[in-house]
Amino acid sequence: MTRTKAVPALALVLGVVAIAIISLLAHRTHESRHSELTLLAVKVELNQLQTAPFRANAHTGGSPALARKLMRTGKGLISDQLAELRGQSSPPPALRAMQAPLRANFATLDQIYAVGITKDGYDERADRLSAVAARSARTIEAMLDEAGSDYEDRAVWAQNQAGVGSAAVILLLLLAFGVYYRRAAQARAIAHDLVLENQQLLASSREEALTDALTGLGNRRALVSDLETELPRADEARPRMLALFDLDGFKQYNDSFGHPAGDALLVRLAERLKAATDGLGRVYRMGGDEFCLLAAVQPGAGDDLVELAAAALSDTGHAFEIGCSHGLARIPGEAATPEEALRLADQRMYAHKADRPTIGREGADLLLQVITERGAGLGEHVSGVARLAGDTAERLGLPEHEVRRIRLAAELHDVGKTAIPDTVLNKPSALSDEEWEFMRRHTVIGERIIRAAPSLAHAAELVRYSHERFDGAGYPDALSRDEIPIGASIIAVCDAFDAMVSDRPYRDAMSLTDALAELRACAGTQFHPDVVAAFCALVEQPVPAAAA
């Protein structure tokens, strides 16, 4: 009877011990799998972190604050997750060894961020730092893989031990073992699915790190990586060609049509560039309005391919015209390193840009010559008004591109007078009502003339409204107050001042003091008060040349 009672007791004890052992081993298996997932999450976060400092440059559409936040968040997550793993019992040696390269990687990313927030943005130094960061990231990934293998081995060992322990009491714990085995299998399947998902995320993040988000082309980092790969393969018999392209007129397009339209144009040009060079080379967007082409060519060849790419990056339409400047470097004949090739191509691109007269400037000079031929006094007048308008716009703190637009419009604001007969334009006495009506048409005529040239069209609006009045009594549209573009208000003040201090067929020039007094008297009625105040301050207390 005692033995009969002992058998169930022994079975119970063995069952409890077996369950305890299996539970412990299952816990270790789960812990190892969880650690594997944590390591994969660290790898994903590490790859995403490498791209964060390249979003810091505001001149290429980035945000220093956003980039800094992404870097701080990424480094915090990586550090916390690794600290959690190191806090476990017997962490893999690779986890302890990766602390130094991880700190070095963080420091390099901080240096890239510091370069990115400068006005000039990313340069040769950023490319070198990017390569250093990439190498240290690969080193860290190798250590993470080593630690993952360690956890995998531990999980396999724990599973094997669980099988041995279970086999020893299989008759007593068949039901329990079946339940636990099923749960372990489900956990393994879930873990396997999560591992695959994280591997897919890792591959996706690597792809994103090398791809320009707007156009889908390779980015600067992809170019540097491809250059490092292609450079050792290049020789005199099969050289590589690196060409850089910078859009001409894109800034003006953005100012005229807005940034969403500018982004759409970049996407359209990128698609054309990719289609034009398909099978001939690889294309990249370097940021902003700069593109790049890397191709294997025959010795001395490649110019035709550059011209083909430049044509793809050119476009025209209503009121705009986009051109392209480019520079070419040959590897290894002219450059032995990626940095040298990029620097040489960049120098030649800007030399090409400097040698090319802009279409807009040529068109403006042509119209100015027409104005001058119409009458010498008219040419001197528009030149003086343009100078005063540009200085006034700067004094008001307007953006540089708006200052250029106002100066151009001021140069051309009287182009419509070329259609006014001399009998009216140079009449020595006051004009009749009919003649004034004819004279007032010159702003509309001028707008039509300027809009006919796509490269000048962004200034046409200011020419049309250059004779509107602040109180709404001007022409041709009777606009008032803020309905009038600030550039047109500036031209109106400068035009009136230059007219007052110049001799006219029907009156003598006014003194500087009287002219300024007249402007102040008409502030708030004929002229914009803020523009008058800025103009008078400019004339009475001009900014010294050293300070300007």
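The values are calculated or read from the model by the stated rules, or taken from the named source; none is laboratory data. Predicted model, so just to flag it, every value in this text is computed and none were measured. Reconstructed Cβ throughout: ideal geometry from the backbone, glycine too, with neighbour counts over all protein chains shown. Only protein heavy atoms, including side chains, enter the accessible area calculation; ligands, DNA and RNA are left aside. Shrake-Rupley method; radii C 1.70, N 1.55, O 1.52, S 1.80 Å.
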Low-density loop cleavage sites - trypsin sites (Lys or Arg not before Pro) in the range 260-298, where at most 14 other Cβ are within 10 Å (DSSP): none
FRET efficiency, Ala533 to Asp263 (Cβ-Cβ, R0 35 Å, nearest 0.05): 0.40
Mean separation of Cα contacts under 8 Å (6+ apart) over length of the range 47-156, as relative contact order %: 31 percent
Carbon plus sulfur fraction of accessible area for the range 460-544, probe 1.4 Å, in percent: 49 percent
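Could you work out the relative contact order of the range 36-83, using alpha carbon pairs under 8 angstrom and six or more residues apart, expressed as a whole percent?
Rounded, it is 38 percent for the range 36-83.
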Inter-centroid distance (Cα atoms) of the range 481-502 relative to the range 60-120, Å: 55 Å
Extension gain (nm, one decimal) between Ala65 and Val444, 0.36 nm per residue minus Cα-Cα: 131.8 nm
³J(HN,Hα) computed for each position of the range 341-350 - Karplus, 6.51 cos²θ - 1.76 cosθ + 1.60, integer Hz, glycine/proline x: 5, 5, 5, 5, 4, 5, 4, 5, 5, 6
